[in-house]
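The structure under discussion appears below in the form of structure tokens.
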There are 2 protein chains.
Amino acid sequence: MSETGKIAFLGLGAMGFGMATNLLSNKLQVTGFDVWPPTLEKFVAAGGSSSSTPREAVKSAPYVVFMVATAAQILSALFDPETGAIETLEQGATLILCSTGPPEHSPNVRKLLDEKNRTDVKVIDAPVSGGTIRAANGTLTILASGNEEDIAGARKVLDVMAGPNLYLIPGGLGAGTKVKMVHQVLAGIHIVMSSEAMGFAAKLGLDTRKAYEVLKKGEGMSWMFENRGPHMIVPDEKVYSALGIIVKDIGIVTAASRRTTSNPGFPLFLSSATEQVLAAGISAGYDRLDDAQLTRVYLPSTPSLVLDLASQDASCTDFTPEETSKLKLVESTMKAVHLVSAMEAMSLGKTVGLETNQLFEIIKGAAGSSWMFADRTPQLLSGKWTSKETVNDTIDSLTTAITEANALKYPLHLAAITLQILQLASLKGYGDEPDLAVSRVWDRETSLYPGKRV
Amino acid sequence: MSETGKIAFLGLGAMGFGMATNLLSNKLQVTGFDVWPPTLEKFVAAGGSSSSTPREAVKSAPYVVFMVATAAQILSALFDPETGAIETLEQGATLILCSTGPPEHSPNVRKLLDEKNRTDVKVIDAPVSGGTIRAANGTLTILASGNEEDIAGARKVLDVMAGPNLYLIPGGLGAGTKVKMVHQVLAGIHIVMSSEAMGFAAKLGLDTRKAYEVLKKGEGMSWMFENRGPHMIVPDEKVYSALGIIVKDIGIVTAASRRTTSNPGFPLFLSSATEQVLAAGISAGYDRLDDAQLTRVYLPSTPSLVLDLASQDASCTDFTPEETSKLKLVESTMKAVHLVSAMEAMSLGKTVGLETNQLFEIIKGAAGSSWMFADRTPQLLSGKWTSKETVNDTIDSLTTAITEANALKYPLHLAAITLQILQLASLKGYGDEPDLAVSRVWDRETSLYPGKRV
């Protein structure tokens with residue numbers, strides 16, 4: 001028997017299987033459950049045990065990791081009258097909820113357990129990110145929140161899954177999911193913006209490979225752009241991350257931002273526009289394609305244009321002066337969208353009560369980052385606005401780009417809404433302030449982030 | 001010789017030909033010019049004279065009507081070094097500029113004439129609307145602005161073209177075009193919203209003919225919906241108004257709203273989102289289709305769904321209770337979008353200095369109207385906000401609709417941005433105010449439209 005005792009692992013999908021086998025590699029004893037029998041057989045072959053129901057799997061397990069697909073599946077795994085784990089949960093067991101759900105999900109699980117007189121059971125909100133490779137080698141980012149003692153008691157398990165990438169998020173149960181949600185705002189916007197930008201470069205007639213090489217090193221860069229760009233410019237049928245996944249993730253964010261009894265409804269202009277572009281992609285039948293294929297939504301009558309215009313000679317990134325000025329148009333849309341996405345996300349983070357310095361550090365090191373996010377957010381948080389570019393400067397450069405795109409009848413869904421938000425900030429009197437004054441759009445009576453030019 | 005003297009008519013397209021022949025029918029003497037010779041021959045056959053250049057056409061004409069396609073063509077007709085009218089313009093001639101251009105166009109013509117020492121020539125800004133039938137029978141809507149004496153001197157010509165539909169717009173040269181521009185905001189948004197709504201009805205599985213019949217009588221109704229709906233639900237290849245036309249018209253609006261030296265840039269969220277949906281339609285190759293075919297943009301993998309679900313039995317509009325509740329979802333998106341489009345348009349109108357009561361009356365009787373516009377705008381203008389529905393009520397019903405659309409992965413481009421604007425108004429503290437308090441989003445320091453609940 002290992003030092004943690006038995007771990008029950010529910011949900012052995014692409015991520016879950018890697019996480020569970022990594023626990024085995026660390027000499028922990030794991031009993032897996034999944035609805036798909038071949039996966040269970042594979043898990044047994046890898047040295048694990050298996051059970052055919054959650055109720056069976058959790059017997060005698062002090063730790064239960066939930067990595068099923070949805071919050072609804074967690075509830076079913078716990079409370080299903082025939083197979084639910086509630087009947088056999090070990091006294092004092094710790095439930096580690098790694099599936100992505102809405103922020104209210106883990107507090108809801110806590111409440112349901114209490115109602116069934118299982119106050120002894122501990123609940124940890126522990127959403128993960130980082131992909132299958134990091135799942136399998138135990139370096140996933142985990143955003144853990146809940147009772148501090150409960151988390152301390154589960155560190156042995158959490159550390160094996162996350163290594164150095166375990167974050168303890170203050171704010172109680174659900175706070176970890178809120179951080180993930182804010183991160184998702186940025187990740188989702190930047191995925192769509194990567195396609196919007198590369199489609200624009202193609203529509204302008206630029207060599208898209210060269211454009212990618214230059215843009216990824218500039219101020220319009222985002223982690224997502226750097227990551228997704230290569231999948232747009234080389235022929236590649238592989239699905240790295242299906243469009244349907246980001247649709248699900250961003251849907252959780254926008255649903256959470258809508259008005260509910262506990263939530264007054266928070267305006268997320270770019271997230272919402274992103275969601276509609278994604279819905280257009282799903283409507284067009286692309287849900288199983290890689291999300292880098294969203295360029296098709298932007299270029300429906302020439303869906304392979306981004307690929308067609310990519311030269312394959314990686315040695316040269318020289319542009320003529322005319323091409324360089326076209327590339328500047330693309331970059332200015334990226335910079336402006338990333339500026340406003342950073343302000344939208346950080347405003348949401350503040351509104352849901354997160355510790356914003358930690359929020360910044362986590363996102364900066366993750367897939368939701370961008371050059372603009374990394375540069376402007378510290379100014380937002382410190383209140384020392386040192387950006388030399390004003391709101392009106394950004395409006396000017398973005399206007400030039402949008403005018404050109406309109407002449408080409410190329411839809412700039414995210415850049416166009418970004419311009420309206422900036423113009424609203426200008427209308428409210430912040431036009432000559434540093435560009436991050438656009439954050440004022442989300443201000444309540446008392447500023448979310450007071451700040452001044454220094 | 002008729003009482004007006006000779007009229008030169010430049011630009012005999014579909015609208016211009018009807019207007020010019022209507023002048024002939026009223027026993028006026030008209031010399032036509034067009035770049036397309038067969039049109040000129042047809043015009044001569046109808047009793048007119050013809051000229052092969054603007055310079056030739058305007059000789060001895062006290063009135064010159066410009067109905068060419070663009071503002072650039074007006075400049076060319078006037079100032080082209082070889083063929084421009086400037087050399088032969090009658091002393092004291094009146095130029096009636098009916099082509100749609102940007103608001104600064106007619107003041108610009110005035111300035112160029114002055115620079116060429118032709119201060120004797122009079123300029124009237126006189127954009128038209130109403131379509132080819134009203135062009136031919138002399139009942140076009142004409143929005144005339146400029147020097148009052150100049151307009152009075154041209155009444156004989158204007159009255160023959162407009163009959164009872166001539167409006168004199170205060171505010172100087174260009175004011176007429178500004179009114180047309182504000183109208184265009186509404187017309188453009190409502191055209192796209194008609195497709196968004198009918199596509200949503202189809203996606204919800206409703207009989208689209210029945211849905212149309214019910215919706216056009218309800219609070220979600222718009223003039224455009226009533227007009228375009230029939231073209232969506234009966235098989236009809238005819239192009240009543242090509243997508244490319246509304247794209248051009250709304251492009252003039254959004255371009256004018258962008259930041260220029262004379263214009264600080266005004267946020268037009270719905271107009272901008274509309275423009276991007278239209279650009280997506282153009283990108284998909286639909287520019288020569290009727291604009292009622294925009295449903296294809298919303299339903300790319302089932303482009304004929306709206307038509308397919310239309311029963312052809314016009315006698316029955318009964319819905320089951322379940323269908324009625326689905327229809328309510330569609331209607332709530334229309335109501336909310338039309339509320340916010342009304343506030344966006346009237347805010348623009350105020351900002352560009354128009355007399356808002358007249359603006360309301362003109363739009364109310366024209367193609368940009370909607371039930372919500374007609375009901376809420378008088379409350380906005382009087383400052384007596386009597387609407388019983390609050391901003392938060394609208395958010396609630398719209399949230400329900402958008403949640404359902406998201407579940408169906410149906411993109412609600414306009415409704416989604418509308419929700420964000422409403423949520424922003426709620427964030428700023430207007431959630432419990434009557435719904436038209438969403439107009440506060442466009443407020444400057446001093447309210448555009450002060451108002452209170454009564």
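The values are calculated or read from the model by the stated rules, or taken from the named source; none is laboratory data. All figures in this text were calculated on a predicted structure; none of them were measured in a lab. Reconstructed Cβ throughout: ideal geometry from the backbone, glycine too, with neighbour counts over all protein chains shown.
The residues in segment A:230-262 that are away from every other protein chain (no Cβ under 14 Å) and either free of Cβ contacts under 8 Å to residues at least 60 places away in the same chain or touching a strand residue (DSSP E or B) at 6+ places or on another chain (Cβ under 8 Å) (or both) can be counted, and the count is 8.
One residue alone among A:V306, A:V337 is assigned to a helix (DSSP H, G or I), over 23 Å from B:T418 (Cβ atoms) and assigned by TED's automatic domain parsing to the domain that holds A:E237, and that residue is A:V306.
Of the set (1) within 27 Å of the chain's Cα centre (by Cα); (2) closer than 19 Å to A:R134 by Cα, all apply to A:A46 but (1).
Using the structure shown, decide if B:V65 is modelled with pLDDT of 95 or more, touching a Gly at 6+ places or on another chain (Cβ under 9 Å), closer than 26 Å to B:G368 by Cα and in a strand (DSSP E or B). Working first, answer last.
On the way: modelled with pLDDT of 95 or more: yes; touching a Gly at 6+ places or on another chain (Cβ under 9 Å): yes; closer than 26 Å to B:G368 by Cα: yes; in a strand (DSSP E or B): yes.
Yes: the conditions hold for B:V65.
Can you confirm whether B:V192 is outside the structural domain of B:L23 (by TED's automatic domain parsing), β-branched (V, I, T) and modelled with pLDDT of 95 or more? Criteria met by B:V192.
Being assigned by TED's automatic domain parsing to the domain that holds A:L112, among the acidic types (D, E) and touching a Ser or Thr at 6+ places or on another chain (Cβ under 8 Å) is not true of A:E87. Quick check on A:S387: is it within 12 Å of chain B (Cβ to nearest Cβ) and on the phi < 0 side of the Ramachandran plot? Against the criterion (within 12 Å of chain B (Cβ to nearest Cβ) and on the phi < 0 side of the Ramachandran plot), A:S387 does not qualify. Note on segment B:428-442: among residues that are within 8 Å of chain A (Cβ to nearest Cβ) and within 20 Å of B:L268 (Cβ to Cβ), the one that is surrounded by the fewest Cβ atoms within 10 Å (Cβ to Cβ) is B:K428.
Could you look through segment B:71-94, keep only residues that are assigned to a loop (DSSP other than H, G, I, E, B) and small (G, A, S), and pick out the one that is farthest from B:G174 (Cα to Cα)?
At the first step, the residues of segment B:71-94 found to be assigned to a loop (DSSP other than H, G, I, E, B) are B:80-84, B:88, B:90-93.
From what is left, the residues that are small (G, A, S) are B:84, B:92-93.
Numbers: B:G84: 23, B:G92: 20, B:A93: 19 Å.
Once the filter is applied, the top-ranked residue is B:G84.
May I ask you to list the residues in segment A:95-154 that are part of a loop (DSSP other than H, G, I, E, B) and among the β-branched types (V, I, T)? Spell out how you get there, then give the answer.
Step one: of segment A:95-154, the residues part of a loop (DSSP other than H, G, I, E, B) are A:98-104, A:116-121, A:126-127, A:130, A:138-140, A:146-147, A:154.
A:T100, A:T119, A:V121, A:T139 - these are the residues of segment A:95-154 that are part of a loop (DSSP other than H, G, I, E, B) and among the β-branched types (V, I, T).
Looking only at residues in segment B:393-406 that are farther than 11 Å from B:L329 by Cβ and out of contact with any Asp or Glu (no Cβ under 6 Å at 6 or more places or on another chain), the one that is modelled with the lowest pLDDT is B:N406.
Would you confirm whether any residue within segment B:164-174 is in contact (Cβ under 8 Å) with a residue 24 or more places away in the chain, hydrophobic (A, V, I, L, M, F, W, C) and assigned to a helix (DSSP H, G or I)? Step through it out loud before you land on a result.
Pass one, segment B:164-174, residues in contact (Cβ under 8 Å) with a residue 24 or more places away in the chain: B:164-174.
Adding the requirement that they be hydrophobic (A, V, I, L, M, F, W, C) leaves B:166, B:168-169, B:173.
Checking which are assigned to a helix (DSSP H, G or I) leaves us with none.
Within segment B:164-174, not a single residue is in contact (Cβ under 8 Å) with a residue 24 or more places away in the chain, hydrophobic (A, V, I, L, M, F, W, C) and assigned to a helix (DSSP H, G or I).
Could you please let me know if B:S447 is in the same structural domain as B:A374 (by TED's automatic domain parsing) and crowded, with 20+ Cβ neighbours inside 10 Å?
Values: in the same structural domain as B:A374 (by TED's automatic domain parsing): yes; crowded, with 20+ Cβ neighbours inside 10 Å: no.
Criteria not met by B:S447.
Can you find a residue in segment B:343-361 that is basic (K, R), in contact with a Leu (Cβ under 9 Å, 6 or more places away or on another chain) and over 23 Å from B:L422 (Cα atoms)? Lay out the reasoning, then the answer.
Here is the first cut: in segment B:343-361, the ones basic (K, R) are B:350.
Now restrict to residues that are in contact with a Leu (Cβ under 9 Å, 6 or more places away or on another chain): B:350.
Filter again for over 23 Å from B:L422 (Cα atoms), leaving none.
No; the residues of segment B:343-361 include none that is basic (K, R), in contact with a Leu (Cβ under 9 Å, 6 or more places away or on another chain) and over 23 Å from B:L422 (Cα atoms).
Could you go through segment B:359-382 and let me know if any residue there is within 14 Å of chain A (Cβ to nearest Cβ) and either outside any loop (DSSP other than H, G, I, E, B) or not charged (D, E, K, R) (or both).
To start, the set of residues in segment B:359-382 that are within 14 Å of chain A (Cβ to nearest Cβ) comprises none.
Within segment B:359-382, not a single residue is within 14 Å of chain A (Cβ to nearest Cβ) and either outside any loop (DSSP other than H, G, I, E, B) or not charged (D, E, K, R) (or both).
Out of the helices (runs of 4 or more DSSP H) lying entirely within segment A:195-302, which hold 3 or more residues that are charged (D, E, K, R) and buried (at least 24 other Cβ atoms within 10 Å of the Cβ)? I'd like the intermediate steps shown before the answer.
Details: elements: A:208-215, A:223-233, A:243-257, A:269-283, A:295-298.
Once the helices (runs of 4 or more DSSP H) in segment A:195-302 are filtered for at least 3 residues that are charged (D, E, K, R) and buried (at least 24 other Cβ atoms within 10 Å of the Cβ), nothing remains.
Among residues that are part of a helix (DSSP H, G or I) and within 9 Å of chain A (Cβ to nearest Cβ), B:S397 is not included. Inclusion of B:A187 among residues that are more than 14 Å from chain A (Cβ to nearest Cβ), outside any loop (DSSP other than H, G, I, E, B) and within 14 Å of B:L294 (Cβ to Cβ) is warranted. Applying a threshold of 8 Å to beta carbon distances and a minimum spacing of six or more residues, or different chains, the list of pairs starting in segment A:6-26 at a residue that is in a helix (DSSP H, G or I) and ending at one that is of a type in the set (D, E, K, R) reads A:G16/A:D34; A:F17/A:K42. Would it be correct to say that A:L381 is of a type in the set (A, V, I, L, M, F, W, C), surrounded by fewer than 18 Cβ atoms within 10 Å (Cβ to Cβ) and over 20 Å from the mean Cα position of the chain (by Cα)? When the stated conditions are applied, A:L381 passes them.
Please give the number of the condition A:D290 fails out of (1) over 21 Å from the mean Cα position of the chain (by Cα); (2) in contact (Cβ under 8 Å) with a residue 40 or more places away in the chain. It fails just one condition, (1). Please verify whether B:L419 is at pLDDT 95 or above and within 14 Å of chain A (Cβ to nearest Cβ), treating the condition exactly as stated. Yes, satisfied. Any residue in segment B:251-273 that is within 30 Å of A:L305 (Cβ to Cβ), at pLDDT below 90 and touching a Lys or Arg at 6+ places or on another chain (Cβ under 8 Å)? So far as segment B:251-273 goes, no, none of its residues is within 30 Å of A:L305 (Cβ to Cβ), at pLDDT below 90 and touching a Lys or Arg at 6+ places or on another chain (Cβ under 8 Å).
Considering every residue within segment B:342-355, establish whether at least one is over 30 Å from B:D236 (Cβ atoms), β-branched (V, I, T) and surrounded by fewer than 23 Cβ atoms within 10 Å (Cβ to Cβ). Yes, that holds for at least one residue. Looking across segment A:141-165, the residues that are within 24 Å of the chain's Cα centre (by Cα) and either within 19 Å of A:G365 (Cα to Cα) or polar (S, T, N, Q) (or both) come down to A:T141, A:I142, A:L143, A:A144, A:S145, A:D159, A:M161, A:A162, A:G163, A:P164, A:N165.
Looking only at segment B:286-320, count how many residues are among the hydrophobic types (A, V, I, L, M, F, W, C) and within 14 Å of another protein chain (Cβ to nearest Cβ). Even if it seems obvious, please write down each step before you answer.
Step one: filter segment B:286-320 for residues among the hydrophobic types (A, V, I, L, M, F, W, C), giving B:289, B:292, B:294, B:297, B:299, B:305-307, B:309-310, B:314, B:316, B:319.
Okay, now just the ones that are also within 14 Å of another protein chain (Cβ to nearest Cβ), so B:289, B:294, B:297, B:299, B:305-306.
Qualifying residue count, segment B:286-320: 6.
Checked against (1) in contact with a Lys or Arg (Cβ under 8 Å, 6 or more places away or on another chain); (2) within 14 Å of another protein chain (Cβ to nearest Cβ), B:G353 passes all but a single condition, namely (2).
Before we move on, is B:S387 over 17 Å from the mean Cα position of the chain (by Cα) and either in a loop (DSSP other than H, G, I, E, B) or within 30 Å of B:I142 (Cα to Cα) (or both)? Full working, then the answer.
Working: over 17 Å from the mean Cα position of the chain (by Cα): yes; either in a loop (DSSP other than H, G, I, E, B) or within 30 Å of B:I142 (Cα to Cα) (or both): yes.
Spelling it out, B:S387 is indeed over 17 Å from the mean Cα position of the chain (by Cα) and either in a loop (DSSP other than H, G, I, E, B) or within 30 Å of B:I142 (Cα to Cα) (or both).
Considering only residues in segment A:406-416 that are more than 8 Å from chain B (Cβ to nearest Cβ) and crowded, with 22+ Cβ neighbours inside 10 Å, the one that is nearest to A:V185 (Cα to Cα) turns out to be A:L414.
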